[in-house]
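The values are calculated or read from the model by the stated rules, or taken from the named source; none is laboratory data. Fair warning: this is a prediction, and the values are worked out from it, not measured in the lab. Ideal geometry is used to build each Cβ from the backbone, glycine not excepted, and the neighbour counts take in all protein chains shown.
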Amino acid sequence: MRSFRGRGSAVSTIIAITTDFGTRDGYVGAMKGRILSICNDVVLVDLSHEIAAQDISGAAWCIARAAPNFPRGTIHLVVVDPEVGSGRRGIVFRAGGQIFVGPDNGVFDRLLDRYQPEDVRAIRSTTPWWSTHSTFDGLALFAPVAAHLARGLAPSKIGTRTTIEPRLTQIPALRERDRIVGRIEIFDRFGNGITTIPSALIDPEMVARCRGACFPIADHYAAVEEGEPLALIDSDDRLELAVRNGSARAAFGLERGDEVDVEPADR
Amino acid sequence: MRSFRGRGSAVSTIIAITTDFGTRDGYVGAMKGRILSICNDVVLVDLSHEIAAQDISGAAWCIARAAPNFPRGTIHLVVVDPEVGSGRRGIVFRAGGQIFVGPDNGVFDRLLDRYQPEDVRAIRSTTPWWSTHSTFDGLALFAPVAAHLARGLAPSKIGTRTTIEPRLTQIPALRERDRIVGRIEIFDRFGNGITTIPSALIDPEMVARCRGACFPIADHYAAVEEGEPLALIDSDDRLELAVRNGSARAAFGLERGDEVDVEPADR
Amino acid sequence: MRSFRGRGSAVSTIIAITTDFGTRDGYVGAMKGRILSICNDVVLVDLSHEIAAQDISGAAWCIARAAPNFPRGTIHLVVVDPEVGSGRRGIVFRAGGQIFVGPDNGVFDRLLDRYQPEDVRAIRSTTPWWSTHSTFDGLALFAPVAAHLARGLAPSKIGTRTTIEPRLTQIPALRERDRIVGRIEIFDRFGNGITTIPSALIDPEMVARCRGACFPIADHYAAVEEGEPLALIDSDDRLELAVRNGSARAAFGLERGDEVDVEPADR
């Protein structure tokens, strides 16, 4: 039996938690309490509890942005789980030296664009340590799984080996000669529209168009005047539609899935 | 003099914090700083700072859901305190092996449905360690009380023994032959309406009605189609009115206090 | 080479984080991960990630309220940074025995009303440990600076000595005989309007007026009836316009910058 994490380390294991529960109802508090009751020397880190309700795609982005920065051995507990109580599986896997626990519903899709999953396990529904619950597997199943992993529980005790497949459809951006066509995939808090267009396709002399508005490509937000639109390569290496000190989403009524066209600026 | 917590433990004391302050104004940050200045080896856990402003009932639910999952010796600091500066008392008590600190205004009512309070103390308004403040007892009084408890301050130094009584009125659900009448007590973030009707009164062959809408009883959210209403037994062992991947509150204009009728499904 | 923090302490360094990122996009999670990857024994404390987008003034208040309560040696990482990618400087300085890291854009103005900054450094844009980024210096620059400071990096490695000046204009309150004229500077979550009028100018027998409404001065919120306006001295030692168990902002349509007049009550 091999453990997921090294033993004998003096440093506490990190459990980073991501949910769509908000905090006010106490559901997240309950999960934290249960983890600390099982394993009292973990370090709990809140990634986010403000994922929009049932927004699997939003959770997938949050995890993909944050997780790669964490140290090896970190356990990521992700509970955005609209199908709780149905037949959807709970899974545990390793990727990039870290461990991921959550429902097999697409919340890990964006992460798995970048990392190959290893040692994927379908979580046994009932063990001495946890069980499934019809409405709240975050508390009954996933939190105890994460806590027992932090205590060094062997993967073979978690469940049988399996594989995971992407769940969320993603339409890649297309390049047709000097024109690129993509879509708005998601918005961040500032109302910036993150597109499906990777930085590798973009030249600085281009301009992006969406819903009739024109977003000249710039280096940074302050390169244009207050309230003016721009497009830039963001920290995800994607083309992003923005408005300086404003919200591109609100200013132009942008929506997820909107088509974005990028062309040479002189057209 | 007996201490509230055992001594000699190598594990840091947990202080779990619940407020209605939000975080943006820095009030919660101030409390955290003061605690860490008094006792630098506590583990701070955010339960919630998103309790709706002055929503004592919401805080009572948050604490009751979360606290029972925490390990023995945890200190719960609760500051939802609209009557700060008036004559309302600050209290400290033990329940279920944990310690609770906050205003005596009903924030602990739902917890005390389940636990018998022990060693209840009315907090002295002024000591060398803390004092009352007309607008912000969270910082001046309750945070230092929690921190000094974590350092092992004796209960006799906190204040005189007293008792606590429930502050929030709660109308129990009624069963009349095969019909049950209750009310919506609170909503969670997803717009699910938590009713006053306990699971023990419910048969699977029943249907719930509220504001003219019909909520068939089901096992889990995904048992009905997207956008359809259902009622289920939730993790609080209460009947809950829900809409799959939606908000029952928004879909049917439900409000706190609405009457909920549960009857055999074949009527 | 002198280190910013004392060595040999058994207590972990605290890094307190304040941003306007919200948590749902994963940007804050990424920063936390990077810090923990650089320095695994820090204690991360969330001050706030709910500063309104690009609200430098709101961040300045949050820091000024919270930071003074933290223990010596705490590192405050503040990322509200609308001019990221432009020529604005990143700075590190010491004040009140603590260390502050962030953009030089006014986020520290309210703190520096109270403390004299020491050992101010302009952060080198590129080192082996960090570099500037056109859209996300929180991750690329400021988080690693804070983490390396926690590891004991010498100030001379951070950048050259410099000075900081206030960036946000603040119009002081004026006293003309027995009349005081100030402005609403900011609102807190409860809709209380914090004015520019310091407690030292106020007598209990006065009344405040704003937008035609009258706010009698009182000791605490519960001194007036539910829904009634009042003015009181708050925990910032400023005159605050409030409504008991309500929002003064919403009730009277108050806005930042509104004039507030305080006069003897018998006029």
Item to check | B:T18 over 16 Å from the mean Cα position of the chain (by Cα), more than 13 Å from chain C (Cβ to nearest Cβ), closer than 27 Å to A:A147 by Cα and in contact (Cβ under 8 Å) with a residue 24 or more places away in the chain | outcome: no
Checklist entry - Within the range C:81-110, restricting attention to residues that are among the hydrophobic types (A, V, I, L, M, F, W, C) and assigned to a loop (DSSP other than H, G, I, E, B), which residue is surrounded by the fewest Cβ atoms within 10 Å (Cβ to Cβ)? => result C:V84
Next on the checklist: Which residue is farthest from A:S37 (Cα to Cα), if the candidates are limited to the range A:131-151 and must be modelled with pLDDT of 95 or more and of a type in the set (G, A, S)?
Outcome noted: A:G138
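Please determine whether any residue of the range B:243-251 is basic (K, R), within 11 Å of chain A (Cβ to nearest Cβ) and closer than 21 Å to B:D55 by Cβ.
Looking through the range B:243-251, none of the residues is basic (K, R), within 11 Å of chain A (Cβ to nearest Cβ) and closer than 21 Å to B:D55 by Cβ.
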Item to check | Residue that is modelled with the highest pLDDT, among those in the range C:28-57 that are among the small types (G, A, S) and surrounded by fewer than 24 Cβ atoms within 10 Å (Cβ to Cβ) | outcome: C:S37
Checklist entry - Taking the range A:21-40 on its own, how many of its residues are of a type outside the set (V, I, T) and either more than 8 Å from chain B (Cβ to nearest Cβ) or closer than 13 Å to B:P68 by Cα (or both)? => result 11
Checklist entry - In this structure, does C:R167 turn out to be without any contact (Cβ under 8 Å) to a residue 60 or more places away in the chain, basic (K, R) and either under 28 Å from C:I14 (Cβ atoms) or touching a helix residue (DSSP H, G or I) at 6+ places or on another chain (Cβ under 7 Å) (or both)? => result no
Next on the checklist: Between B:V45, B:V101, B:V28, which is under 29 Å from C:D55 (Cα atoms) and out of contact with any Lys or Arg (no Cβ under 8 Å at 6 or more places or on another chain)?
Outcome noted: B:V28
Item to check | Every residue from the range A:223-260 that is of a type in the set (A, V, I, L, M, F, W, C) and farther than 17 Å from C:S134 by Cα | outcome: A:A248, A:A250, A:A251, A:F252, A:L254, A:V260
Checklist outcome for this item: Within the range B:149-171, residues loosely packed, with under 12 Cβ neighbours inside 10 Å and closer than 21 Å to B:A59 by Cβ come out as B:T163, B:E165, B:T169, B:I171
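Residue by residue, here is whether (1) closer than 30 Å to C:A223 by Cβ; (2) among the basic types (K, R) holds:
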{"position": "C:I99", "(1), (2)": "no, no"}
{"position": "C:D104", "(1), (2)": "no, no"}
{"position": "C:D137", "(1), (2)": "no, no"}
{"position": "C:R183", "(1), (2)": "yes, yes"}
{"position": "C:L201", "(1), (2)": "yes, no"}
Checklist outcome for this item: Residue hits (the range C:54-74; more than 7 Å from chain B (Cβ to nearest Cβ) and over 16 Å from C:G102 (Cα atoms)) are C:P68, C:R72, C:G73
Item to check | Some residue of the range A:112-126 being closer than 17 Å to A:A59 by Cα, in contact (Cβ under 8 Å) with a residue 40 or more places away in the chain and among the basic types (K, R) | outcome: yes
Checklist entry - Taking strands (runs of 3 or more DSSP E) that fall entirely within the range B:227-267, which contain at least 2 residues that are surrounded by fewer than 20 Cβ atoms within 10 Å (Cβ to Cβ)? => result B:259-264
Checklist entry - Restricting attention to the range A:127-154, and to residues there that are more than 21 Å from A:T13 (Cβ to Cβ) and in contact with a Leu (Cβ under 9 Å, 6 or more places away or on another chain), which single residue is farthest from the other protein chains (Cβ to nearest Cβ)? => result A:S131
Checklist entry - Any idea which of (1) within 30 Å of B:S37 (Cβ to Cβ); (2) exposed (fewer than 14 other Cβ atoms within 10 Å of the Cβ); (3) of a type outside the set (A, V, I, L, M) is the one B:E176 doesn't satisfy? => result (1)
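Restricting to the range C:75-87, give me the number of residues that are in contact with a strand residue (DSSP E or B) (Cβ under 6 Å, 6 or more places away or on another chain) and within 13 Å of chain A (Cβ to nearest Cβ).
Our first condition is that a residue be in contact with a strand residue (DSSP E or B) (Cβ under 6 Å, 6 or more places away or on another chain); within the range C:75-87, this holds for C:75-79, C:81.
Then keep just the ones that are within 13 Å of chain A (Cβ to nearest Cβ); that gives C:79, C:81.
Result for the range C:75-87: 2.
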Next on the checklist: Tell me the residue from B:D178, B:D113, B:D119, B:D104 that is assigned by TED's automatic domain parsing to the domain that holds B:K32, of a type in the set (D, E) and more than 19 Å from the chain's Cα centre (by Cα), please.
Outcome noted: B:D119
Checklist entry - For the subset of the range C:88-126 comprising residues that are over 30 Å from A:D237 (Cα atoms) and among the acidic types (D, E), which member is farthest from the other protein chains (Cβ to nearest Cβ)? => result C:D119
Item to check | Residues that are of a type in the set (F, W, Y) and touching a helix residue (DSSP H, G or I) at 6+ places or on another chain (Cβ under 9 Å), drawn from the range B:190-238 | outcome: B:F190, B:F215
Next on the checklist: Considering only residues that are at pLDDT 95 or above, within 21 Å of C:T169 (Cβ to Cβ) and among the charged types (D, E, K, R), which ones fall in the range C:84-105?
Outcome noted: C:R89, C:D104
Checklist entry - Of the residues that make up the range B:127-138, is at least one touching a Lys or Arg at 6+ places or on another chain (Cβ under 9 Å), free of Cβ contacts under 8 Å to residues at least 60 places away in the same chain, surrounded by 20 or more Cβ atoms within 10 Å (Cβ to Cβ) and not acidic (D, E)? => result yes
Checklist entry - Across the range B:207-231, what is the number of residues that are out of contact with any Phe, Trp or Tyr (no Cβ under 7 Å at 6 or more places or on another chain) and either under 28 Å from B:P68 (Cβ atoms) or within 14 Å of chain A (Cβ to nearest Cβ) (or both)? => result 13
